[in-house]
Amino acid sequence: MMLDVRDLSGGYGGRDIVKHISFSVAKGEFLGILGPNGSGKTTLLHLINGTLKPSGGAVHLAGKRLESYPPKALARMMASLPQKTEQAFSFTVKETVLFGRYPYQTGIFKQSGEEDERIVARMMEETGVLPFADQSIHELSGGEQQRVYLAQALAQEPEVLLLDEPTNFLDLGYQKQLLDLMKSMAIEKGLAVIGIFHDLNLASLYCDRLLMMKNGEMEALDVPEQVMRERKINDVYETDVRHLVHPHRPNPQISIEPGQAEQMKQAIPFAELFQWRSDGFLMQTDQPLRVVSTALVGGGLGWKRAFVSRYVPIEEQSGKLSADLERFLAEKGISPHGCCAAVTAANPKNAVFRTFSEGGASLFIVAAASSGRPEDVTVWVMINGKLTEKAFVQAFMTVSEAKAEAAFAERTDGGGAPIPAPYAETVLIAADGSGDQFDDALKTSSLGALISRSVFECCREAIRKGNE
């Protein structure tokens, strides 16, 4: 292991702030340290870099105890990037980065050589500060200054890099640039990186493992998906968060829950808002709805306010459906970012739309079939209620099954086998967040049974219209 922390304790004024921490970091690994204010994160970093003497335990760097390294030898092995560095003198950017070569300079006058100049130029280029080389560091923004000090730390050519909340003073673009650089250096150069993070989502995205602290003690040490759990974060930070799924990565994300009570949502009168037209149908709501959809625009899981089904006969559909649909939405003044929109061969004249209620559940169902193609049915299921993500997935399964059953029931060839063609048309399920909460939408549940019966009935009637 590049860095080995063994039963480390320490603090200030004879009081241990960090207590019995143990972990190891390998070459090429990025370890994130998390925890609320006062949990001991920065104190732990000071114990690791040797600026604070431990009261117990030890830090081993490349197999040797930290205190066995002379100062210059330690600086060649380990570098630190603090939260913010104040520089009293107005050195240029290049001069500031060149200070990172001090551990390699010898002789009375400590002059830099060609190798120092080459490394400094490379680090300025990699951190994006080379264009500012001759400018005073005081002329730069806070984010630019932070990248200069990162270049200085990297100019030490360390094998371990310690970061104390490195993104605190950076905007989103600079945060990504800095962390992308750190991650690539860890992978490509075998740099062991240890960073303190307040932003748990960034830590989850970039770190290989996370160490979570509370009251100076280690609460968890594992890969992000094991540490970033609702119950653990709520306990450590004494707050209320919810787990999120990143759309493109397996790294878990979290969202805070606002403390103020959410205003009670009124049930949306879907039937009153539904607009039937010869070129399709449309619904717009004042409040966003939680949606899962196979729509061409806005498909997937999200929050939407507008729902569009545009009818284009199958023989008239081009190979540029998405572009055509976005132009259509623009003509209607509907933003593609806030809607679910589909191009469908399901003819509006074959549409069936109806409200169903039973127990605590109320549904507005829309079904429209393609003429002569019972396998192609567009279905909207608008629900007055709250659905968990599991219930949304189950509702989608229930709707798909009901569609297939309706198509099978309306076969005209007299055969007994299921229809071989794919069920190509759009399925949309939306919930307005009012009334009861549902965690189950399979056919065995009350909500699922209502969805199944309602979708089957409406799809079957729509198919009959399409076959006339």
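The values are calculated or read from the model by the stated rules, or taken from the named source; none is laboratory data. In this text the structure is predicted, and so the values were computed from the model without any measurement. As a convention, Cβ positions derive from the backbone with ideal geometry for all residues, glycine included, and neighbour counts pool all protein chains shown.
Some values worked out for this structure:
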read-out: Residue within segment 194-212 that is modelled with pLDDT of 90 or more, among the β-branched types (V, I, T) and more than 12 Å from L34 (Cα to Cα) present; value: no
read-out: Strands (runs of 3 or more DSSP E) wholly inside segment 353-433 containing at least 2 residues that are in the same structural domain as A341 (by TED's automatic domain parsing) and modelled with pLDDT under 85; value: 373-384
read-out: Pairs with Cβ under 9 Å, 6+ apart, first in segment 60-84 and free of Cβ contacts under 8 Å to residues at least 12 places away in the same chain, second assigned to a strand (DSSP E or B) and among the small types (G, A, S); value: R65/A58
read-out: Any chance D240 is among the acidic types (D, E), exposed (fewer than 15 other Cβ atoms within 10 Å of the Cβ), at pLDDT 95 or above and within 21 Å of the chain's Cα centre (by Cα); value: no
read-out: Condition check for T96: in a loop (DSSP other than H, G, I, E, B), within 19 Å of P82 (Cβ to Cβ) and β-branched (V, I, T); value: no
read-out: Pair list, Cβ under 8 Å, 6 or more apart: segment 280-301 residue on the phi > 0 side of the Ramachandran plot, other residue hydroxyl-bearing (S, T, Y) and assigned to a strand (DSSP E or B); value: G280/S309; G280/Y311; G280/T344; G300/S293
read-out: Filter result for the condition that a residue is on the phi < 0 side of the Ramachandran plot, crowded, with 19+ Cβ neighbours inside 10 Å and not hydrophobic (A, V, I, L, M, F, W, C), over T96, T51; value: T96
read-out: Enumeration of residues in segment 445-468 that are aliphatic (A, V, I, L, M) and farther than 18 Å from M397 by Cα; value: A462, I463
read-out: Residue match in segment 312-323 (condition: assigned to a strand (DSSP E or B) and in the same structural domain as A407 (by TED's automatic domain parsing)); value: no
read-out: Evaluation of R310 against (1) under 22 Å from V393 (Cβ atoms); (2) crowded, with 21+ Cβ neighbours inside 10 Å; (3) in contact with a Leu (Cβ under 8 Å, 6 or more places away or on another chain) (one fails), failing number; value: (1)
